[in-house]
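Colleague: Below is one structure. I have some questions about it.
The values are calculated or read from the model by the stated rules, or taken from the named source; none is laboratory data. On a predicted model such as this, the values are computed, not experimentally measured, just so you know. Note that each Cβ is placed from the backbone with ideal geometry, even for glycine, and that neighbours are counted across all protein chains shown. Note: areas computed on protein heavy atoms with side chains; ligands, DNA, RNA excluded. Shrake-Rupley method; radii C 1.70, N 1.55, O 1.52, S 1.80 Å.
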Amino acid sequence: MKGLFITFEGTEGSGKSTQISLLADRLRASGRTVRTLREPGGTPIGEEIRHTLKHSKDNAAMTAEAELLLMNASRTQLVREVIRPALASGEIVLCDRFYDSTTAYQGYGRGLDLKIVQAMIDFAVGETRPDLTLFLNISPKVSEARRRSRQSTLPLLRDRMEEADRHFFERVATGYQLIAAANPQRVKLIDATTDVEAVSAAIWKEASPLLGH
Ligand code: TMP
């Protein structure tokens, strides 16, 4: 059976992890082998890079350029160590964020040159591209409210990425809209402001045709 690569995108609080586990359960129940991954991370090297990017107490001085390279270092490891072998053996790979996050956060958010961002992504992933990207769409206001409530429940786990200001997250949100508009075949917009079951049903509607269901 042919492998399938599905990525999930969206701003903080869009409900990606809940939806990934619901889709994974549904696919496993139908007999498919499913691998769930996250970026940055997903390999031992990638998880160390994730710590450096997000939680390390020594990461405050990180430049946008270093951030771009580290995101792609984690990604290239994940692609070669995990995603390609999984797809080659017919698995369904569900990834929490992939290269659209880099375009949205480092490109639109941090303001790095989009051509350079794209070149780094192309180098990191080569031919490995998602078959489908589910963009869980919520407004920047809803995202900010959910981010704040998460921060208040996890006060000990500092996250450098979440320390950016509101304008940064607005640019990221705009970036995602532009990415979705530019890639209508691959990127499917899912209204993630509705309840969990409705979002899950909308995701199944997009994913199931690719599975022969
Ligand atoms: P999350 O796993 O909680 O979504 O955290 C990942 C953070 O890293 C999130 O703030 C988005 C950010 N990110 C980027 O800025 N660029 C990227 O390429 C990826 C994969 C994530």
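Colleague: Could we say that ARG84 is at negative phi and surrounded by 16 or more Cβ atoms within 10 Å (Cβ to Cβ) here? It would help to see each step written out before you state the result.
Modeller: Numbers: at negative phi: yes; surrounded by 16 or more Cβ atoms within 10 Å (Cβ to Cβ): yes.
Judged against the criteria, ARG84 is a match.
Colleague: Look at ARG147 and say whether it is more than 15 Å from the chain's Cα centre (by Cα), charged (D, E, K, R) and open to solvent by 20 Å² or more (accessible area, probe 1.4 Å).
Modeller: No: the conditions fail for ARG147.
Colleague: Follow-up. Restricting to segment 128-141, give me the number of residues that are open to solvent by 20 Å² or more (accessible area, probe 1.4 Å) and either within 10 Å of the ligand (Cβ to nearest atom) or within 18 Å of the chain's Cα centre (by Cα) (or both). Write out each step before concluding.
Modeller: We begin by selecting, within segment 128-141, every residue open to solvent by 20 Å² or more (accessible area, probe 1.4 Å); these are 129, 131, 137, 139-141.
Next, from what is left, pick out any that are either within 10 Å of the ligand (Cβ to nearest atom) or within 18 Å of the chain's Cα centre (by Cα) (or both): 129, 131, 137, 139-140.
Qualifying residue count for the region: 5.
Colleague: Let me ask something additional. In the set SER101, SER74, which member is in contact with a Lys or Arg (Cβ under 7 Å, 6 or more places away or on another chain), within 9 Å of the ligand (Cβ to nearest atom) and open to solvent by less than 20 Å² (accessible area, probe 1.4 Å)?
Modeller: Numbers: SER101 fails: in contact with a Lys or Arg (Cβ under 7 Å, 6 or more places away or on another chain).
Step by step, each of SER101, SER74 is checked, and only SER74 is in contact with a Lys or Arg (Cβ under 7 Å, 6 or more places away or on another chain), within 9 Å of the ligand (Cβ to nearest atom) and open to solvent by less than 20 Å² (accessible area, probe 1.4 Å).
Colleague: Only one of (1) away from the ligand (no atom under 15 Å from the Cβ); (2) surrounded by 15 or more Cβ atoms within 10 Å (Cβ to Cβ) fails for GLY90. Which number is that?
Modeller: (2)
Table: residues versus (1) out of contact with any Pro (no Cβ under 6 Å at 6 or more places or on another chain); (2) in contact (Cβ under 8 Å) with a residue 24 or more places away in the chain; (3) within 9 Å of the ligand (Cβ to nearest atom); (4) outside any helix (DSSP H, G or I).
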{"residue": "PHE5", "(1), (2), (3), (4)": "no, yes, no, yes"}
{"residue": "GLY13", "(1), (2), (3), (4)": "yes, yes, no, yes"}
{"residue": "LEU37", "(1), (2), (3), (4)": "yes, yes, no, yes"}
{"residue": "ALA60", "(1), (2), (3), (4)": "yes, yes, no, yes"}
{"residue": "VAL82", "(1), (2), (3), (4)": "yes, yes, no, no"}
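Colleague: Moving on. Out of ALA64, ALA24, I need the residue that is in contact (Cβ under 8 Å) with a residue 40 or more places away in the chain, surrounded by fewer than 15 Cβ atoms within 10 Å (Cβ to Cβ) and either of a type outside the set (Lys, Arg) or within 26 Å of GLU144 (Cβ to Cβ) (or both). Which one? Walk me through it before giving the result.
Modeller: Values: ALA24 fails: surrounded by fewer than 15 Cβ atoms within 10 Å (Cβ to Cβ).
Only one candidate qualifies: ALA64.
Colleague: Give the residue, chosen from SER17, SER21, that is of a type in the set (Gly, Ala, Ser), within 12 Å of the ligand (Cβ to nearest atom) and part of a helix (DSSP H, G or I). Don't jump to the end; show me each part of the working.
Modeller: Details: SER21 fails: within 12 Å of the ligand (Cβ to nearest atom).
One residue alone meets the criteria, SER17.
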